[in-house]
Amino acid sequence: MKITAVDIITFEVPREIFRDRRLLVDGIAHQTLTKITADEGAEGYYFGGSGHGDRDGLLPDQRRLLLAKGRSMLIGEDPFDREKFWHWMWVSKTPENILSTLDMALWDLQARAFGVPVHKLLGGCREKVKAYASTYPNMGTPDEYAEHAVVCKEAGYQAYKIHPYYFADPVTFEPVPGRPSHVKADIEACRAIRQAVGDEMVLMFDPWGTYCNYEEALWVGRELEMLNFAWYEHPMPEYRVRSYERLTRELDIPVLSPEIAAGSLYTRADWILREASDMTRIDVLRGGITGVKKMVSIAEAYGVRCEIHMGGFGNLQILGATSEDTCEYYERGLLAPGVTCNAPPPYLNAICDPLDSDGYVMVPQGVGMGYDINWDYIASHRVPTDV
Ligand SMILES: [Mg+2]
């Protein structure tokens, strides 16, 4: 089999933003579908690929780069030689999200050609994954966070992760771009949530790297230990690795990082050797399914848990091919009062991650990534572009 074409289909979707503590539709955004075609009728797809997961379409410059790289590298090649392409892309300094998008379209292509879901091609391990409810940041008062945690518990979630206030004031709710951390308010919210949900519910905390110094991060970490939180995620900027080494040595609660540091498995393997965190973290836009698969193996070999960042089809497929002993949870969200993530975007007929009453999501069982695509919507909302 030989690759014959690499294309991007760009189309309009409603732009959703979380503002004023509500999810609003604010104009139009562009979603992208990367499509790789081979002879014998084989096709592979990947939705999105920009900054934050499979709902963010590639930007014009990213589209140009993906098509230039993808066409020069792939056309005429065997689409099943993903490992070779993955190495070529690292050697040629391809941006991680572009590398990842091409890698995943190729995984989708081979799984479709074989008539199996991607996790079966990887080597299936489980059909459902425990989920945690992952909140939007800037969601309300401590009492409102606590009420929301109770709603999630009643919906079946066994675990709840708090994104607290950053770049917004927790009292006035006004934007404060220069003041990312609000330590006292964060601790107050965590206490209110623990009190509301009781001792059994698993709680995690993620201030998204906004604690500006080691002392703030240590202070909150001590409070989380007293509240019996399960992990403390990405507390400080991740380029201050020495601060992470100190924090991980000092605290008993597991520190979970790096999340957004560049360098895929290479950076994360180094963090393990430096003991800069207790648990590691990666997602399919940081090296593709090929890169995450390698990282999970490294983590498993060192007895380090590897939590998968974000939701979506690609992350759920990799979870279906990993053990709960290494990759325990699926990140479901982002959620907020009234925002349940139970409806698909308009270009899909079904979500990837319906939640069951025990707080688990099923791994998609359709072929490839498991997309159920609404081709009529895409055709009628297509955007003519140069690239
Ligand atoms: Mg995070």
Among what's in segment 187-208 and is free of Cβ contacts under 8 Å to residues at least 40 places away in the same chain and of a type in the set (D, E, K, R), pick the residue that is nearest to A261 (Cα to Cα).
R194
Within segment 132-145, the residues that are assigned to a helix (DSSP H, G or I), closer than 20 Å to W231 by Cα and open to solvent by 10 Å² or more (accessible area, probe 1.4 Å) are P142
Say whether the condition of being closer than 29 Å to K294 by Cβ, hydroxyl-bearing (S, T, Y), within 16 Å of the ligand (Cβ to nearest atom) and out of contact with any His (no Cβ under 9 Å at 6 or more places or on another chain) is met by at least one residue in segment 172-191.
no
Filtering segment 302-318 down to residues that are of a type outside the set (S, T, N, Q) and within 16 Å of the ligand (Cβ to nearest atom) yields R305, C306, E307, I308, H309, M310, G311, G312
Of a type in the set (A, V, I, L, M) and within 16 Å of the ligand (Cβ to nearest atom), is that true of A159?
yes
If the requirement is being more than 22 Å from the chain's Cα centre (by Cα) and on the phi < 0 side of the Ramachandran plot, which of these qualifies: K120, K69, K93, K35?
K69
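Residue-by-condition table, conditions (1) closer than 17 Å to Y157 by Cα; (2) open to solvent by less than 10 Å² (accessible area, probe 1.4 Å); (3) among the aliphatic types (A, V, I, L, M):
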| site | (1), (2), (3) |
| --- | --- |
| E275 | no, no, no |
| T280 | no, yes, no |
| V284 | no, yes, yes |
| Y302 | no, no, no |
| E331 | yes, no, no |
| V339 | yes, no, yes |
| G359 | yes, yes, no |
| M362 | yes, no, yes |
| M369 | no, yes, yes |
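Here is a yes/no grid of residues against (1) touching a strand residue (DSSP E or B) at 6+ places or on another chain (Cβ under 9 Å); (2) under 30 Å from A336 (Cα atoms); (3) open to solvent by 50 Å² or more (accessible area, probe 1.4 Å); (4) aliphatic (A, V, I, L, M):
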position: A42; (1), (2), (3), (4): yes, no, no, yes
position: R71; (1), (2), (3), (4): yes, no, yes, no
position: G76; (1), (2), (3), (4): yes, no, no, no
position: R82; (1), (2), (3), (4): no, no, no, no
position: H87; (1), (2), (3), (4): no, no, yes, no
position: V91; (1), (2), (3), (4): no, no, yes, yes
position: I98; (1), (2), (3), (4): no, no, no, yes
position: Q110; (1), (2), (3), (4): yes, no, no, no
position: K130; (1), (2), (3), (4): yes, yes, no, no
Test I351 against the criterion of being out of contact with any strand residue (DSSP E or B) (no Cβ under 8 Å at 6 or more places or on another chain), surrounded by 13 or more Cβ atoms within 10 Å (Cβ to Cβ) and not charged (D, E, K, R), and give yes or no.
yes
Sole exception among (1) away from the ligand (no atom under 14 Å from the Cβ); (2) under 14 Å from the mean Cα position of the chain (by Cα) for L285, by number
(1)
Among the residues of segment 156-182, write down those that are more than 22 Å from the chain's Cα centre (by Cα) and either in a loop (DSSP other than H, G, I, E, B) or modelled with pLDDT of 95 or more (or both).
D169, P170, V171, T172, F173, E174, V176, P177, G178, R179, S181, H182
Inspect all residues belonging to segment 209-226 and state whether any of them is touching a residue at least 40 places away in the same chain (Cβ under 8 Å) and under 26 Å from Y160 (Cβ atoms).
yes
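The values are calculated or read from the model by the stated rules, or taken from the named source; none is laboratory data. As the structure is a prediction and not an experimental result, all values here were calculated from the model. In this analysis, Cβ positions are derived from the backbone assuming ideal geometry, glycine residues included, and neighbour counts consider all displayed protein chains. Heavy atoms of the whole protein, side chains included, go into the accessibility calculation; ligands, DNA and RNA do not. Shrake-Rupley method; radii C 1.70, N 1.55, O 1.52, S 1.80 Å.
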